[in-house]
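Reviewing the structure listed below.
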Amino acid sequence: MADWKNALAALGATEETNDNKEKTDIDRKKRVGVVYSTNPNYEYSDDSQAETDTLPNNQQKLRLNMERAGRGGKTVTLVKGFVGSEEDITALCKLLKQKCGVGGSVTFANGTKVGGEIIIQGDHRQRLVEILKKEGYTQTK
């Protein structure tokens with residue numbers, strides 16, 4: 001049994017404990033798409049974009065649009081232009097849904113967590129403008 005451990009140690013690997021195994025599994029999940037490299041100096045780098053800092057409310061340039069196309073005839077109000085973290089846009093979406101008493105969600109383009117838009121069910125443009133201005137989003141149209 002010690003033979004495989006010696007061979008593994010000679011290759012530069014060590015025996016994994018439970019803590020190391022969990023960390024290694026997380027590292028492997030981040031390396032989606034990289035199977036094997038013959039370059040001994042190769043280091044995997046994560047190309048994902050860093051999450052941007054949330055702009056203050058008075059600097060956010062939010063735009064409201066009503067849309068029906070591609071939604072089975074249902075009317076939705078889109079809030080676009082939010083710059084900030086996923087948690088902040090989710091919190092804003094929750095606030096808007098509660099104030100309007102309707103459902104909604106947050107969607108992100110291309111699977112990234114940057115450039116999300118809030119979808120509110122129904123045509124609530126006027127109401128949302130008032131709510132957003134009360135919350136300090138002064139550049140809302």
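Within segment 56-66, the residues that satisfy the criterion of being surrounded by 14 or more Cβ atoms within 10 Å (Cβ to Cβ) and farther than 22 Å from Gly122 by Cα are Asn57, Gln60.
Only residues that are touching a strand residue (DSSP E or B) at 6+ places or on another chain (Cβ under 6 Å) and buried (at least 17 other Cβ atoms within 10 Å of the Cβ) were counted in segment 82-95, giving 2.
Can you name the residue in segment 67-81 that is in contact (Cβ under 8 Å) with a residue 24 or more places away in the chain and of a type in the set (Lys, Arg) and is also surrounded by the fewest Cβ atoms within 10 Å (Cβ to Cβ) among such residues? By that ranking, first place goes to Lys74.
Of the listed requirements (1) closer than 15 Å to Ile131 by Cβ; (2) open to solvent by 40 Å² or more (accessible area, probe 1.4 Å); (3) touching a residue at least 40 places away in the same chain (Cβ under 8 Å), Gln98 misses just one: (3). Here the condition is being at pLDDT below 85, over 23 Å from the mean Cα position of the chain (by Cα) and of a type outside the set (D, E, K, R); of Ala50, Ala13, it holds for Ala13 alone. Evaluated against (1) of a type in the set (Val, Ile, Thr); (2) surrounded by 17 or more Cβ atoms within 10 Å (Cβ to Cβ); (3) not in a strand (DSSP E or B), Thr138 falls short on exactly one condition, (2).
Looking at Ile120, is it at pLDDT 90 or above and either under 13 Å from Leu62 (Cα atoms) or in contact with a Phe, Trp or Tyr (Cβ under 6 Å, 6 or more places away or on another chain) (or both)? Answer is no for this residue.
The values are calculated or read from the model by the stated rules, or taken from the named source; none is laboratory data. All figures in this text were calculated on a predicted structure; none of them were measured in a lab. Glycine also receives a Cβ, built like all others from the backbone with ideal geometry; neighbour counts cover every protein chain displayed. Only protein heavy atoms, including side chains, enter the accessible area calculation; ligands, DNA and RNA are left aside. Shrake-Rupley method; radii C 1.70, N 1.55, O 1.52, S 1.80 Å.
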